[in-house]
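Student: Structure provided below as structure tokens; questions to follow.
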Amino acid sequence: MQAFELFKNKIASPAKIVITTHYKPDADALGSSLGLANYLLKKGHDVTVITPSDYPSFLHWMKGNDAVINFEDKKLQEQAIKKIQEAEIIFCLDFSCLSRLQGMQEYVKEAKAYKVNIDHHQDPKDFCDFRFWSTDAAATCELLYELIVKVGDKDLLDSDIAECLYSGIMTDTGGFRHPNTTKNVHLITAELIELGADNSKISKLIYDTNSVNRLKFIGFAISRRLMINEELKIAYFAISKKDLRKYSSQTGDTEGLVNYALSIGGIKIAALFTEREDGIKISFRSTEEVAVNKFAQEYFNGGGHKNASGGKSDLTLSETTEKFEKLIKENYNTLFKQLELIHEKN
């Protein structure tokens, strides 16, 4: 309670504030960042949102997007560093360790500012002065709503803030399809709709806004890059740099692709392996009864949620997929133990 009261006092008076989130922000990361920014601006703060990288164009509609500084933009990097160094408060949203900031990591770490972490991921590292954290939350946007209400500022929430927060909750629950779609999620999204969040508009902007190249890429990936192993209950995509160049891939074009693999009947673990300049980026998904977060952490330098985790590999694309299949075979009994117990009960 003492830490919360100190936090509440810190944001009571106008201050220089920087808000940041993880590399390649998704809707929860950007939605919480811009939702918080719009709220703090109403309280009279000097607020700057700095992202470690660019993010999907289908998120550009959120209020405040035009003022976001992309740290990887060389023309703006000096300005971003100055903002971080001069900040009195730095909010770190939707990540649990500073390494998720990549190029921004050292600047935020060395900053003298009072640091606040709002997040729902596992195993948070000790880098902040105040943390509002729970793995029970489906999204950081859910926690941010609860924090604003707890501070006593629900009356400052408006339709723009509500739409930012709704976006993060909607996407991190897979359109309210994942097991993390709790009663609390529905109660909060109902409040956000009452505040003016247009749920139909938001869904269309995020899920139904595609370029022709992205649609062609998805079709290509499903028809040419989808690998299925029914015996191991796995399916995965292996996307090369050449594939991405062929379809002029932009940030966000692979978003949701892994879910097509998981949607196949009988598949319990799905993965997306994407070849980037700095290595192989991996997204893991699993059905409710199978946990992939520890698997990602132990073998692919990653982690995350039980059914949605990430990782990386310094091997080649083919070596990485071979390693994945080999590890699934070796860990089959452990990974599917809970699944077998469920079958036995039935």
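The values are calculated or read from the model by the stated rules, or taken from the named source; none is laboratory data. Since the structure is predicted, the reported quantities are computational estimates derived from the model, not experimental observations. Glycine also receives a Cβ, built like all others from the backbone with ideal geometry; neighbour counts cover every protein chain displayed. Ligands, DNA and RNA are excluded from the accessible area calculation, which covers all protein heavy atoms including side chains. Shrake-Rupley method; radii C 1.70, N 1.55, O 1.52, S 1.80 Å.
Student: To the nearest 10 square angstrom, how much accessible area does Ile90 have with a 1.4 angstrom probe?
Tutor: 0
Student: Still on this model: If you count only protein heavy atoms and use a 1.4 Å probe, how large is the accessible surface of Ser96, to the nearest 10 Å²?
Tutor: 20
Student: If you don't mind, there's one more thing I want to ask. What ranking of Thr171, Thr51 comes out by heavy-atom accessible area, probe 1.4 Å, highest first? Intermediate results must be reported in sequence, preceding the final value.
Tutor: Values: Thr171 35, Thr51 0 Å².
Sorted by accessible area, descending: Thr171, Thr51.
Student: So, one more: Go through [x] -0.22; [y] -0.18; [z] -0.27 and flag the label whose value is the computed log10 I(q)/I(0) by the Debye sum over Cα atoms at q = 0.06 Å⁻¹ for this structure.
Tutor: [x]
Student: Between Ser203 and Gln2, 0.36 nm times their residue separation minus their Cα-Cα distance comes to what? Walk me through the intermediate numbers first.
Tutor: Values: separation 201, 0.36 × 201 = 72.36 nm, distance 3.94 nm.
My answer for the length gained is 68.4 nm.
Student: With a 1.4 Å probe and all protein chains in place, put Lys326, Lys242, Lys112 in order of accessible area, largest first. Could the numbers behind the result be given before it?
Tutor: Numbers: Lys326 120, Lys242 145, Lys112 190 Å².
Largest accessible area first, the list is Lys112, Lys242, Lys326.
Student: Give a quick list of trypsin sites (Lys or Arg not before Pro) in the range 36-100 that DSSP marks as loop, anything other than H, G, I, E or B, with at most 12 other Cβ atoms within 10 Å. The partial results should precede the final answer.
Tutor: On the way: sites: Lys42, Lys43, Lys63, Lys74, Lys75, Lys82, Lys83, Arg100; in loops: Lys43, Lys63.
Counting only loop positions with at most 12 other Cβ atoms within 10 Å, none of the trypsin sites (Lys or Arg not before Pro) in the range 36-100 qualifies.
Student: For the range 58-205, what does the alpha-carbon gyration tensor say about shape, rounded, prolate or oblate, given a ≥ b ≥ c as the root eigenvalues, a/c under 1.5 as rounded, and a/b over b/c as prolate?
Tutor: Values: a/c = 1.82, a/b = 1.48, b/c = 1.23.
Judged from the Cα gyration tensor, the range 58-205 comes out prolate (a/c at least 1.5, a/b above b/c).
Student: Would you rank Asp73, Asp278, Asp153 by solvent-accessible area, highest first, keeping every protein chain in place and using a 1.4 Å probe?
Tutor: The residues order as Asp278, Asp73, Asp153, largest area first.
Student: Once every DSSP H run of n ≥ 4 in the chain is given -39500 (n - 2.57) and the sum is divided by its residues, what mean residue ellipticity at 222 nm do you get, rounded to the nearest 500 deg cm²/dmol? Intermediate values should be presented prior to the final figure.
Tutor: Details: 15 runs with 150 residues, N = 346.
Mean residue ellipticity, 222 nm, calculated: -12500 deg cm²/dmol.
Student: Okay, next question. What accessible area per residue, rounded to a whole number of Å², is obtained for the chain using a probe radius of 1.4 Å?
Tutor: Spelled out: the 1.4 Å probe surface of the chain, per residue, equals 49 Å².
Student: Next question. Rounded to the nearest 10 Å², what accessible area does Asp126 show when all protein chains are kept and the probe is 1.4 Å?
Tutor: 140
Student: Round to a whole number: what % of the accessible area of the range 1-45 belongs to carbon and sulfur, probe 1.4 Å?
Tutor: Values: 900 of 1680 Å².
About 54 percent, which is the carbon plus sulfur part of the accessible surface.
Student: Out of the range 238-346, which GluC sites (Glu not before Pro) are coil in DSSP terms and have no more than 10 other C-beta atoms within 10 Å? Mind showing how you got there, number by number?
Tutor: Numbers: sites: Glu255, Glu275, Glu277, Glu288, Glu289, Glu298, Glu319, Glu322, Glu325, Glu330, Glu340, Glu344; in loops: Glu255, Glu277, Glu288, Glu289.
Sparse-neighbourhood loop GluC sites (Glu not before Pro): Glu277.
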